[in-house]
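Structure first, commentary second.
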Amino acid sequence: MTAPGPAVGSPVASPVADLLVTGAELVATVDAARREIPGGWVAITDGLVAAIGGPAEPPPAATRTLRADGALVTPGLVNTHHHIYQNLTRSFAPALGGTLFTWLKTLYPLWSRLDEEAVHTSAYVGLTELALGGCTTSTDHLYVHPRGGGDLVSAEIAAARLLGMRFHPTRGSMSLSAKDGGLPPDSVVQDPDEILADSARLVARHHDPSHGAMIRVALAPCSPFSVSPELMKATAELAETLDVRLHTHLAEDPEEDDYCLAVFGRRPIDQFAEVGWGSDRAWVAHCICPDADEIVRLGSWGTGVAHCPSSNMILGGGLAPIAEFRAAGVPVGLGCDGSASADAASLWLEARTAMLLGRLRHGAGAMSARDALEMATRGGAACLGRTGEIGELSVGAAGDLVVWPMDGVAFAGALSDPVDAWLRCGPTAARHTVVAGRLVVENGMPVHPDLTEMLRRHREISRGVQGAFEKAGATP
């Protein structure tokens, strides 16, 4: 692997590049200087950005040249929160009308039917969907581990490797069932010692701490109402020992406030600190309900937030205080969230929705397309502890980028600013998605040939999972 180059993005003398992306209407680097290069080009070698330049600077020769004429080129988008397996119960009618807690109680029994094939197939389909929407790095929070289901995290990692996606799976966990005062049924919870041992095993087997790594593993107890405080503390200690990141849901619904006050005698973020999670090793999902003092505390810790605008609206949890987070120095990324709550997995859609919600909350000047692009790229990189490595186009950063079309009916008349047009117009999807210098989407189509067969198998598995509800006599 080539060592990282200088932080600045000026072209450097180099041998033949593996891939040259050239002729763009605009290259929005989202680098430390936020440079935007009309007519720009990007060269990638050994999976890393080797050089960036404009029309006046001759690009290197390349083994393959990808034209980006009339298009916007951005860094690959970073998905900081997801539950990919949930695409097996997408838009499941019996779960759609209630609160978060009602939704979970309806779906937990269905998810208890997960096995390695179900998770591998759902991950293949879900990561393909993400790539079509310009995502090049995705996390996944897999917290349901039915007994006898097999090695589910390794199954989804295998799908990511097959597709060539950069992947941050998290070893999720639940240890409190309904009989213990939690929400999940017994069939999907595990013993804390089993959870910790498997977490260490997965890190040893899959986690790659090197620059440009394709797979990194984090540890992710599900929520305050599905794991014990003792497991939260032990997981934080294990993450420190293994030097991996921490992830969980936090302050995602007013019902969570009520639960934490009743069970722990403190609000969710106070409980988060009590169990040793208040640090820059952690990033959390949703965080809709903090007060002003809690926002300041999150910023002082450096704890990141995965903003999930579509899911937050669908479940009715409220509007997350994103402008306040960013002003307090909280790293903010974007997340698609579960395919059974948000039901769509497009980071372009999440970026557009984040921009609209920011303006709805604080006025027309509160959130720009560039703010949303930054959250979808640099902000996500910060949440994952990869600032300067992913989520930007700079020499030595990962060779992950997206070529976005700026033509056709949807963009007719949008001539003045490609970045604004990218989110204001559309809907749009990637023309090309490149991960580590390799195409995973080309001309709007996934490059891997097995999608049709995987979709057929996905439908069969999904019918089996959802059939558990029908057999119980609780059809919609």
*Determine which member of the set Ala204, Ala236, Ala262 is touching a strand residue (DSSP E or B) at 6+ places or on another chain (Cβ under 8 Å) and either surrounded by fewer than 18 Cβ atoms within 10 Å (Cβ to Cβ) or of a type in the set (Gly, Ala, Ser) (or both).*
Ala236
_Can you tell me which residue is farthest from Gly126 (Cα to Cα) among those in the stretch 432-465 that are of a type outside the set (Gly, Ala, Ser) and part of a loop (DSSP other than H, G, I, E, B)?_
Asn443
*Kindly provide the set of residues from the stretch 400-432 that are buried (at least 22 other Cβ atoms within 10 Å of the Cβ) and in contact with an Asp or Glu (Cβ under 8 Å, 6 or more places away or on another chain), ordered by number.*
Met406, Pro418, His432
*Counting only residues that are in contact (Cβ under 8 Å) with a residue 40 or more places away in the chain and either part of a helix (DSSP H, G or I) or closer than 23 Å to Leu315 by Cβ (or both), how many does the stretch 231-248 have?*
11
*Look through Gly212, Gly181 and report the one residue that is among the small types (Gly, Ala, Ser), modelled with pLDDT under 95 and at positive phi.*
Gly181
*Out of all the residues in the stretch 249-261, which are in a loop (DSSP other than H, G, I, E, B), in contact with a helix residue (DSSP H, G or I) (Cβ under 6 Å, 6 or more places away or on another chain) and either closer than 15 Å to Ser173 by Cβ or at pLDDT below 95 (or both)?*
Asp253
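Select, from Ser112, Ser138, Ser187, Ser175, the only residue that is of a type outside the set (Val, Ile, Thr) and in contact with an Asp or Glu (Cβ under 8 Å, 6 or more places away or on another chain). Show your work before the answer.
Details: Ser112 fails: in contact with an Asp or Glu (Cβ under 8 Å, 6 or more places away or on another chain); Ser138 fails: in contact with an Asp or Glu (Cβ under 8 Å, 6 or more places away or on another chain); Ser187 fails: in contact with an Asp or Glu (Cβ under 8 Å, 6 or more places away or on another chain).
Being of a type outside the set (Val, Ile, Thr) and in contact with an Asp or Glu (Cβ under 8 Å, 6 or more places away or on another chain) holds for just one of Ser112, Ser138, Ser187, Ser175, which is Ser175.
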*For the stretch 387-429, enumerate the residues that are free of Cβ contacts under 8 Å to residues at least 60 places away in the same chain, not in a helix (DSSP H, G or I) and not polar (S, T, N, Q).*
Gly408, Ala412, Gly413, Ala414, Leu415, Asp417, Cys425
*Using the structure shown, decide if Gly316 is in a loop (DSSP other than H, G, I, E, B), at positive phi and surrounded by fewer than 19 Cβ atoms within 10 Å (Cβ to Cβ).*
yes
*Tell me, which residue of the stretch 26-44 that is free of Cβ contacts under 8 Å to residues at least 60 places away in the same chain, assigned to a loop (DSSP other than H, G, I, E, B) and more than 21 Å from Gly437 (Cβ to Cβ) is least open to solvent (accessible area, probe 1.4 Å)?*
Gly39
*Please go through the stretch 239-248 and pick out each residue that is open to solvent by 20 Å² or more (accessible area, probe 1.4 Å) and either of a type outside the set (Asp, Glu) or modelled with pLDDT under 95 (or both).*
Thr241, Leu242, Arg245
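The values are calculated or read from the model by the stated rules, or taken from the named source; none is laboratory data. Worth saying up front: this structure is predicted, and the values here are computed from it rather than measured. So basically every Cβ, Gly included, is an ideal-geometry build from the backbone, and we count neighbours across all protein chains shown. Only protein heavy atoms, including side chains, enter the accessible area calculation; ligands, DNA and RNA are left aside. Shrake-Rupley method; radii C 1.70, N 1.55, O 1.52, S 1.80 Å.
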